[in-house]
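The values are calculated or read from the model by the stated rules, or taken from the named source; none is laboratory data. Keep in mind that this is a model prediction, so the values were computed, not measured. Quick reminder, even Gly has a Cβ in these numbers, built from the backbone with ideal geometry, and neighbours come from all protein chains shown. Quick note on the areas: whole protein, heavy atoms, side chains included, nothing else; ligands and nucleic acids left out. Shrake-Rupley method; radii C 1.70, N 1.55, O 1.52, S 1.80 Å.
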Amino acid sequence: MAAVYSINFFRHPSQNAGPTAEYTCPSGHLAVVKCITIVYGDITASGLDAWVQTEDLCKLARYTWGFALSSTINLGGTALFYGSWAFLEGETLYSQCVSGTCDIQASGYLLTTP
């Protein structure tokens, strides 16, 4: 029987660049990302474009908010994504934020392979 562990794969406070390699699935394991969270403050002036992606640039979750002179204000919030994204040993999760600043985290299960 395979062992199952709940785990925070990464927590990246104040992400404002990237892509940043955050987590690589270890040998003998399968990582299942269940929750991705993007938390941001006042982005009225900067806008926000942030995401979590795989090493082949496939975006798993993304939050984008643009601004213009007629835009309403955006004083902050949380973008929460639930899913089941599987990573094989050696595969890497990345985070990126190209506009604004945010905190990004991903959590899920780490399974041992038979």
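Give me the percent of the accessible area of the range 1-103 that comes from carbon and sulfur atoms, probe 1.4 Å, all protein chains in place.
On the way: 3200 of 5690 Å².
Exposed carbon and sulfur together represent 56 percent of the surface.
Using a 1.4 Å probe, how large is the accessible area of SER46, given in Å² and rounded to the nearest 10?
Probe radius 1.4 Å; accessible area of SER46 about 50 Å².
Give the distance, in whole Å, between the Cα centre of the range 5-34 and the Cα centre of the range 45-85.
So the two Cα centres are separated by 18 Å.
Run the numbers for GLU91 and CYS35: contour at 0.36 nm per residue of separation, minus the present Cα-Cα distance, in nm. Walk me through the intermediate numbers first.
Values: separation 56, 0.36 × 56 = 20.16 nm, distance 1.75 nm.
Contour length minus Cα-Cα distance gives 18.4 nm.
Any idea of the accessible area per residue across the chain, 1.4 Å probe, to the nearest Å²?
Values: 6220 Å² over 114 residues.
Heavy-atom SASA per residue in the chain reads 55 Å².
How long is the gain from ARG62 to THR24 if the chain were fully straight, where each residue apart is worth 0.36 nm and the alpha carbon distance is subtracted?
On the way: separation 38, 0.36 × 38 = 13.68 nm, distance 1.99 nm.
Residue separation times 0.36 nm, minus the Cα-Cα distance, leaves 11.7 nm.
Ordering ASP56, ASP103 from largest to smallest accessible area (1.4 angstrom probe), what's the sequence?
Details: ASP56 115, ASP103 70 Å².
From most exposed to least exposed: ASP56, ASP103.
Could you pull the Cα extents of the range 14-82 along its three principal axes, largest to smallest, in whole Å?
52, 21, 20
Name the residue from GLY47, LEU80, ASN16 whose Cα lies farthest towards the positive end of the charge dipole of the chain, charges +1 on Cβ of Lys and Arg and -1 on Cβ of Asp and Glu.
My answer, from the dipole projection, is LEU80.
Before anything else, pin down the relative contact order of the chain: Cα pairs under 8 Å, at least 6 apart, normalised by residue count, whole percent.
Values: 293 pairs, mean separation 58.9, N = 114.
That works out to 52 percent.
To the nearest 10 square angstrom, what accessible area does VAL52 show with a 1.4 Å probe?
Here the accessible area works out near 0 Å².
Once the whole set of protein chains is in place, how much accessible area is left on TYR94, using a 1.4 Å probe, in Å² to the nearest 10?
Result for TYR94: roughly 60 Å² accessible.
For the chain, give the magnitude of the charge dipole about the Cα centre (Cβ charges: +1 Lys/Arg, -1 Asp/Glu; no others), in debye to the nearest 20.
My answer is approximately 220 debye.
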